[in-house]
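**Q** Attaching a single structure in structure tokens format; questions to follow.
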Amino acid sequence: MTTHIDLLIIVAKTAILVLGGSITYYALRAYGRTGDRSLRALGIGFGIVTVGALVGGVSHQIIGTDLAVGIAVNSLLTAVGFAVIIYSLYVE
């Protein structure tokens with residue numbers, strides 16, 4: 001049975017997937033138009049953050065792992081994604 005907190009997690013992860021996917025799409029589309037490597041790195045960074053949220057949510061809601069495992073996976077991929085985003089701000 002789905003509790004209120006589970007429903008909140010599902011709604012939040014869905015919003016992250018839609019919004020993060022949109023940012024990723026537009027950043028990579030801009031890269032395709034301009035060829036600017038920083039836009040490619042930005043798209044990849046946001047893609048990693050988005051996938052982290054998806055994998056974290058799926059691991060808990062569908063696979064049934066402990067919530068802490070989902071949070072750990074999400075946090076790790078978010079950190080990696082943010083590192084790539086920071087890199088995108090410095091690449092020329």
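The values are calculated or read from the model by the stated rules, or taken from the named source; none is laboratory data. Worth saying up front: this structure is predicted, and the values here are computed from it rather than measured. In this analysis, Cβ positions are derived from the backbone assuming ideal geometry, glycine residues included, and neighbour counts consider all displayed protein chains. The accessibility values were calculated without ligands, DNA or RNA, using every heavy atom of the protein model including side chains. Shrake-Rupley method; radii C 1.70, N 1.55, O 1.52, S 1.80 Å.
**Q** Among the residues of the range 78-92, which ones are open to solvent by 50 Å² or more (accessible area, probe 1.4 Å) and either out of contact with any Lys or Arg (no Cβ under 9 Å at 6 or more places or on another chain) or over 25 Å from Tyr31 (Cβ atoms) (or both)?
**A** To start, the set of residues in the range 78-92 that are open to solvent by 50 Å² or more (accessible area, probe 1.4 Å) comprises 79-80, 82-83, 86-87, 89-90, 92.
Passing the criteria: Ala79, Val80, Phe82, Ala83, Ile86, Tyr87, Leu89, Tyr90.
**Q** Test Val55 against the stated conditions and say whether it is part of a helix (DSSP H, G or I), of a type outside the set (Phe, Trp, Tyr), at pLDDT below 95 and under 18 Å from Ala72 (Cα atoms). Outline the logic, then answer.
**A** Details: part of a helix (DSSP H, G or I): yes; of a type outside the set (Phe, Trp, Tyr): yes; at pLDDT below 95: yes; under 18 Å from Ala72 (Cα atoms): yes.
It is true that Val55 is part of a helix (DSSP H, G or I), of a type outside the set (Phe, Trp, Tyr), at pLDDT below 95 and under 18 Å from Ala72 (Cα atoms).
Here is a yes/no grid of residues against (1) of a type in the set (A, V, I, L, M, F, W, C); (2) open to solvent by less than 70 Å² (accessible area, probe 1.4 Å); (3) touching a residue at least 12 places away in the same chain (Cβ under 8 Å); (4) in contact with a Cys (Cβ under 9 Å, 6 or more places away or on another chain):
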| site | (1), (2), (3), (4) |
| --- | --- |
| Arg33 | no, no, no, no |
| Gly43 | no, yes, yes, no |
| Val49 | yes, yes, yes, no |
| Ala53 | yes, yes, yes, no |
| Gln61 | no, yes, yes, no |
| Thr65 | no, yes, no, no |
| Gly70 | no, yes, yes, no |
| Val73 | yes, yes, yes, no |
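**Q** If you don't mind, another one. With (1) in contact with a helix residue (DSSP H, G or I) (Cβ under 9 Å, 6 or more places away or on another chain); (2) assigned to a helix (DSSP H, G or I); (3) at pLDDT below 95; (4) open to solvent by 40 Å² or more (accessible area, probe 1.4 Å) as the list, and Leu8 as the residue in question, which single condition is left unmet?
**A** The failed condition is (1).
**Q** Select from the range 1-41 the residues that are charged (D, E, K, R) and more than 18 Å from Gly56 (Cα to Cα) and write down the one among them that is farthest from the chain's Cα centre (by Cα). Please lay out each step first, then the result.
**A** So in the range 1-41, the residues charged (D, E, K, R) come out as 6, 13, 29, 33, 36-37, 40.
Those left that are additionally more than 18 Å from Gly56 (Cα to Cα): 29, 33, 36-37, 40.
Details: Arg29: 17, Arg33: 23, Asp36: 22, Arg37: 20, Arg40: 15 Å.
Filtering the range 1-41 for residues that are charged (D, E, K, R) and more than 18 Å from Gly56 (Cα to Cα), the one farthest from the chain's Cα centre (by Cα) comes out as Arg33.
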